[in-house]
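**Student:** Let me give you the structure first, and then I'll get to my questions.
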Amino acid sequence: MSRPDPILEELGLLPVWVRRAADTANVAGPVAVDSSPITSIEAQTKELEATPGSFPVSSETPINLLDWDTLKARVANCTRCRLCEKRTQTVFGTGDEKASWMLVGEAPGANEDRLGEPFVGQAGKLLDNMLRAVGRTRNNGVYIANVIKCRPPGNRDPQFDEVAQCEPYLKRQLAIIRPQLIIALGRFAAQSLLKTDASISSLRTRVHQYEGVPVIVTYHPAYLLRNLPDKAKAWADLCRAQEIYQEISR
Ligand code: SF4
């Protein structure tokens, strides 16, 4: 894959950012399981298709039946968990709503809470540059969302009950967008999506499945800013994602 030098320079990967054969040889078959009782993406999509625009939506309508706009409004006004108390605003997601790739992160940080958009600041800039290196942008072929839509105070880890309350929103986003590939950014997103407590280092070298959609796990851009040598691994993960996507979209 051609990689524009300015981008590699931005990522601090020149001159040695060379993909190794081992990075592709290590792709294993589907392993992940989502044991959640929430309806599958395919089933939810059928429900959506079977429910025209005139479907009467109310505050009682289950999340897995909401269309995009009502889902967005539901999130904006959500009080399902304690994180609503200290947020500035919810962070629903951003990007191409017909994206073939969906990137999933953990939760908003301080900048995201202030601006209402995921992955802003230096981590966002790095993510944008990584996407550009594979010919994508957050508005072209990519949608970005977090598992958690409100900032945990002090950037603490989201708690189990907060994940349980918020995850249906992400599931519905996935069901509506119907990405062909999911990239989990960081340990928390990967463990939440794949329902596992495995380490990110063990997860990132395999291809997983979420509701029949391939999932690639890679490092969170904020982590990469603190751990520069692992940028090379993140590039290998993106290359793996690109290969899988090309295979499934043939
Ligand atoms: S974190 Fe999610 S479930 Fe909790 S209040 Fe925010 S939108 Fe609602």
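**Student:** From (1) open to solvent by less than 10 Å² (accessible area, probe 1.4 Å); (2) closer than 24 Å to K86 by Cβ; (3) away from the ligand (no atom under 15 Å from the Cβ), pick out the condition that doesn't hold for A145.
**Tutor:** Condition not satisfied by A145: (3).
**Student:** For D69, state whether it is free of Cβ contacts under 8 Å to residues at least 24 places away in the same chain, away from the ligand (no atom under 14 Å from the Cβ), closer than 19 Å to I144 by Cβ and not basic (K, R).
**Tutor:** Answer is yes for this residue.
**Student:** So F119 passes all but one of these: (1) in contact (Cβ under 8 Å) with a residue 60 or more places away in the chain; (2) farther than 15 Å from V91 by Cα; (3) away from the ligand (no atom under 16 Å from the Cβ); (4) crowded, with 20+ Cβ neighbours inside 10 Å. Which condition number does it fail?
**Tutor:** Tallying (1) in contact (Cβ under 8 Å) with a residue 60 or more places away in the chain; (2) farther than 15 Å from V91 by Cα; (3) away from the ligand (no atom under 16 Å from the Cβ); (4) crowded, with 20+ Cβ neighbours inside 10 Å, F119 fails exactly one: (2).
**Student:** Which one is surrounded by the most Cβ atoms within 10 Å (Cβ to Cβ), of the residues in the stretch 171-218 that are over 13 Å from V104 (Cβ atoms) and of a type in the set (S, T, Y)?
**Tutor:** T205
**Student:** Determine the pairs where a residue that is over 27 Å from A99 (Cβ atoms), located within the stretch 139-161, has a partner that is within 13 Å of the ligand (Cβ to nearest atom) and in a loop (DSSP other than H, G, I, E, B) with Cβ atoms under 6 Å apart, the partner being 6 or more residues away or on another chain.
**Tutor:** Pairs found: P153/K86.
**Student:** Also: Just checking, how many residues over the stretch 153-170 are in contact with a Cys (Cβ under 8 Å, 6 or more places away or on another chain) and either surrounded by fewer than 17 Cβ atoms within 10 Å (Cβ to Cβ) or among the polar types (S, T, N, Q) (or both)?
**Tutor:** Going through the stretch 153-170 one residue at a time, the tally reaches 2.
**Student:** Give the number of residues within the stretch 74-107 that are open to solvent by less than 70 Å² (accessible area, probe 1.4 Å) and away from the ligand (no atom under 12 Å from the Cβ). Give the steps one after another, and end with the answer.
**Tutor:** Within the stretch 74-107, the first condition is being open to solvent by less than 70 Å² (accessible area, probe 1.4 Å), and the residues that meet it are 74-76, 78, 81, 83-84, 87, 89-96, 99-107.
Going one step further and asking which of them are away from the ligand (no atom under 12 Å from the Cβ), we end up with 94-96, 99-105.
Final tally of qualifying residues: 10.
**Student:** Test each condition in (1) touching a residue at least 60 places away in the same chain (Cβ under 8 Å); (2) open to solvent by 40 Å² or more (accessible area, probe 1.4 Å); (3) more than 14 Å from the ligand (Cβ to nearest atom) for R114 and report the one that comes out false.
**Tutor:** Result: R114 passes all but (1).
**Student:** Right, something else. From (1) open to solvent by less than 80 Å² (accessible area, probe 1.4 Å); (2) more than 14 Å from the ligand (Cβ to nearest atom), pick out the condition that doesn't hold for E60.
**Tutor:** For E60, the failing item is (1).
The values are calculated or read from the model by the stated rules, or taken from the named source; none is laboratory data. Predicted, not measured: the structure shown is a model, and the values here were computed from it. For neighbour counting, all protein chains shown are included, and Cβ atoms are generated from backbone atoms with ideal geometry for every residue, glycine included. For accessibility, only protein heavy atoms count, side chains too; no ligands or nucleic acids. Shrake-Rupley method; radii C 1.70, N 1.55, O 1.52, S 1.80 Å.
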